[in-house]
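Notes follow once the structure below has been shown.
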Amino acid sequence: MDGLLLDTERMARDTLLQVAEAHGLMGKADVLAVFMECVGTRAARSDEIMEAGFGRFTDVAQLRKDWTAALAPLRAGVIPIKEGAATLFELVQAKGLPIAVATSTQTDMAEEHLKNAGLWPFVSLIVGGDHVAEGKPAPETYLTAAARLGVDIARCVAFEDSDVGTLAAVRSGARTVQVPDLKQPSETTRALGHIIAPNLLSGARLAGVVD
């Protein structure tokens with residue numbers, strides 16, 4: 001969801017840099033590298049990554065609280081959406097096809113953000129990171145979404161931005177489209193053989209979702 005439908009990854013990155021500076025981390029830890037490793041993961045995994053990257057230098061629990069507090073007013077407003085997201089949802093809805101959001105974000109937060117972005121009316125259901133035992137890159141999030149839709153996963157098209165999410169989608173058996181956001185796919189990810197597209201609409205066309 002974040003970085004694919006919602007243009008929030010830059011917001012999260014820039015806010016973390018500000019908070020990290022306040023915690024005296026700049027010059028001590030590679031803040032950007034830690035952030036990029038967190039992209040696409042559930043909160044519990046992100047906490048582990050941040051503890052490994054920042055734990056020697058600051059109280060990571062407080063850092064997380066400060067980061068969340070700094071992001072709250074930004075996410076409470078109108079959230080910017082990625083190029084083509086609204087158009088794609090309209091086209092898919094017009095075809096009578098269901099849309100599930102399979103995200104590492106907690107379900108209640110995902111719903112709130114989709115509402116703030118104006119995309120909520122198109123969404124049939126959400127499977128958040130709190131609804132699965134194993135987060136991405138395990139395929140459970142996608143498999144659960146397909147099961148709740150009552151659709152064979154092999155008939156689903158999954159859209160992702162991060163390498164972590166893309167691996168989850170490919171492992172699930174869904175036809176997978178990756179639309180990179182802040183970070184281009186690694187060579188290992190490219191070798192998965194999925195579709196890589198510059199934006200959502202071109203990826204949807206390549207996957208046969210829209211004309």
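A few notes on this one:
- Search result, residues across segment 189-201 that are in contact (Cβ under 8 Å) with a residue 24 or more places away in the chain and either in a helix (DSSP H, G or I) or among the polar types (S, T, N, Q) (or both): Thr189, Asn199, Leu200, Leu201
- Condition check for Ala168: more than 23 Å from Gly96 (Cα to Cα), aliphatic (A, V, I, L, M), surrounded by 18 or more Cβ atoms within 10 Å (Cβ to Cβ) and assigned by TED's automatic domain parsing to the domain that holds Ala102: yes
- Top-ranked residue of segment 69-89 - restricted to ones that are without any contact (Cβ under 8 Å) to a residue 40 or more places away in the chain and surrounded by 13 or more Cβ atoms within 10 Å (Cβ to Cβ), ranked as farthest from Gly135 (Cα to Cα): Ala86
- Wholly within segment 102-179, helices (runs of 4 or more DSSP H) carrying at least 1 residues that are closer than 18 Å to Gly203 by Cβ and under 13 Å from the mean Cα position of the chain (by Cα): 140-149, 163-172
- Lone qualifier among Ala146, Ala133, Ala100, Ala117 - being crowded, with 17+ Cβ neighbours inside 10 Å and closer than 24 Å to Met36 by Cα: Ala117
Residues checked against (1) in contact with a Gly (Cβ under 8 Å, 6 or more places away or on another chain); (2) free of Cβ contacts under 8 Å to residues at least 40 places away in the same chain:
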| position | (1), (2) |
| --- | --- |
| Ala102 | no, no |
| Glu111 | no, yes |
| Asn116 | yes, no |
| Trp120 | no, yes |
| Val127 | no, yes |
| Glu140 | no, yes |
| Thr144 | no, no |
| Leu149 | no, no |
| Ser172 | no, yes |
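- Scan segment 181-201 for residues that are within 12 Å of Leu167 (Cβ to Cβ) and hydrophobic (A, V, I, L, M, F, W, C) and the total you get is 2.
A quick yes/no check of all residues on (1) over 28 Å from Val19 (Cβ atoms); (2) in contact with a Ser or Thr (Cβ under 8 Å, 6 or more places away or on another chain):
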residue	(1), (2)
Val39	no, yes
Ser46	no, no
Arg56	no, no
Lys82	no, no
Leu88	yes, no
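The values are calculated or read from the model by the stated rules, or taken from the named source; none is laboratory data. What you see is a predicted model, and the numbers here were worked out from it, not measured in a lab. Here the Cβ is made from the backbone with ideal geometry for all residues, glycine too, and neighbour counts use every protein chain on show.
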